[in-house]
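Working notes for the structure below.
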Amino acid sequence: MPIGSNVRYVPANIQKAEWVLADVEYLYKLKANNPIRSVYVPGAWGPGRCTGTLAQGTLPLPDNLIVPDATKYSTPNNPAAFLLPDGKTLVQLNPFTRCTAGGNVYGWRTEDVSIYGDGLRGGHGGSGLSSIGGSIRLGELTGTRPIRHALKINLWANKYLHYSSSNPGYRWPADRADSYAAQQYKGTNPKLVMGTLLAIPPNVTKASLGLQTPAGRKLFHALQNYGAYVVDDSAGDAHYLSVEKGVLEEFRATYGYDFCGTSGTFYNDFMKIFKALHIVDNNEPNNVGGGGTPRVRMAPPIGN
């Protein structure tokens, strides 16, 4: 849904972060003749994900699909969405892990949903939101077509996200906050929580921000026309966007510099964009994007 003409903006006061980072998501269309493998709850969030023993059904997966275990220094979210051979059912996991070729699969499995549904529920554990909806897909940051959907971002909960006895740290469309929200959500703005929709107001322009990179300008338009939902905690001084696996390599090959980093022209554009984000205060189930006339045309229905 695009942002609407009746949107009510509230300052988010997001500041420059040390890092630009990406939450890499694994998106697969599965074939009926793939080997059937068991799915288990992970044995740990850190190293040892592939030690779980609680079964959660099966998936038809190619044997060569491997996603490494976490390490002492890296505990990626690994949200994953699998479109089953029926062309309708989405199975979503987090943190998707498979340590050996042909082995079992690990990750908390959410309730299966239809790809023709509302696109809300999924494998982002901090918010309960989709592993595929809002993901920046291959070609979207490097091609000529505009991005025609809302995005997903991770913010540092300890600095930005709010929790109180009367505000449990989330709002629609999120259905939860992190289990540690009461202890670690220390933001002072009660309107900035899991599920908050953020967007760039119409009075802000690419020129006024001084954006220099093609990808920065593409993100600007997406965030002004559609916005982005807060879906997870960055757990440090970093701003994240959710991207499909392969986007980071495609970005580097196209532009000659990395998406992730702590400096550079794209880093500067990224931080200017995040500082320009405002809260869409009246984003509600019957008033998505603030309501009124959409800023841009709706994307077409899913093709088959």
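Restricting attention to segment 261-271, the residues that are touching a residue at least 12 places away in the same chain (Cβ under 8 Å), in contact with a Phe, Trp or Tyr (Cβ under 7 Å, 6 or more places away or on another chain) and not in a strand (DSSP E or B) add up to 2. For segment 26-47, taking the residues that are over 14 Å from LEU65 (Cβ atoms) and touching a Phe, Trp or Tyr at 6+ places or on another chain (Cβ under 9 Å), the one that is surrounded by the fewest Cβ atoms within 10 Å (Cβ to Cβ) is identified as VAL41. The set of residues in segment 79-121 being of a type in the set (Lys, Arg) and touching a residue at least 40 places away in the same chain (Cβ under 8 Å) consists of ARG98, ARG109, ARG121.
Quick check: is even one residue across segment 21-33 touching a Gly at 6+ places or on another chain (Cβ under 6 Å), outside the structural domain of TYR160 (by TED's automatic domain parsing) and in a loop (DSSP other than H, G, I, E, B)? There is no residue in segment 21-33 that is touching a Gly at 6+ places or on another chain (Cβ under 6 Å), outside the structural domain of TYR160 (by TED's automatic domain parsing) and in a loop (DSSP other than H, G, I, E, B). The residues of segment 272-304 that are buried (at least 18 other Cβ atoms within 10 Å of the Cβ) and part of a helix (DSSP H, G or I), listed by number, are LYS272, ILE273, PHE274, ALA276, VAL288, GLY289, GLY290. In segment 257-271, of all residues being more than 30 Å from ASN6 (Cα to Cα) and buried (at least 20 other Cβ atoms within 10 Å of the Cβ), the one that is nearest to the chain's Cα centre (by Cα) corresponds to PHE259. Assess whether GLY236 counts as being in a loop (DSSP other than H, G, I, E, B), under 16 Å from VAL10 (Cβ atoms) and in the same structural domain as ASN283 (by TED's automatic domain parsing). In short, no. Can you tell me how many residues within segment 1-36 are in contact with a Lys or Arg (Cβ under 8 Å, 6 or more places away or on another chain) and within 29 Å of LEU93 (Cβ to Cβ)? Residues flagged as in contact with a Lys or Arg (Cβ under 8 Å, 6 or more places away or on another chain) and within 29 Å of LEU93 (Cβ to Cβ) within segment 1-36 amount to 5. Of the residues examined, THR254 is one that is surrounded by fewer than 16 Cβ atoms within 10 Å (Cβ to Cβ) and either within 17 Å of the chain's Cα centre (by Cα) or at negative phi (or both). Taken together, TYR240, TYR255 contain a single residue that is over 23 Å from GLY128 (Cα atoms) and of a type outside the set (Gly, Ala, Ser), which is TYR255.
Being part of a loop (DSSP other than H, G, I, E, B), over 21 Å from ILE3 (Cα atoms), assigned by TED's automatic domain parsing to the domain that holds PHE270 and touching a residue at least 60 places away in the same chain (Cβ under 8 Å) is the requirement here; does LYS186 meet it? Against the criterion (part of a loop (DSSP other than H, G, I, E, B), over 21 Å from ILE3 (Cα atoms), assigned by TED's automatic domain parsing to the domain that holds PHE270 and touching a residue at least 60 places away in the same chain (Cβ under 8 Å)), LYS186 does not qualify.
The values are calculated or read from the model by the stated rules, or taken from the named source; none is laboratory data. If you're wondering where the values come from, they're calculated on a predicted model, not measured in any experiment. So basically every Cβ, Gly included, is an ideal-geometry build from the backbone, and we count neighbours across all protein chains shown.
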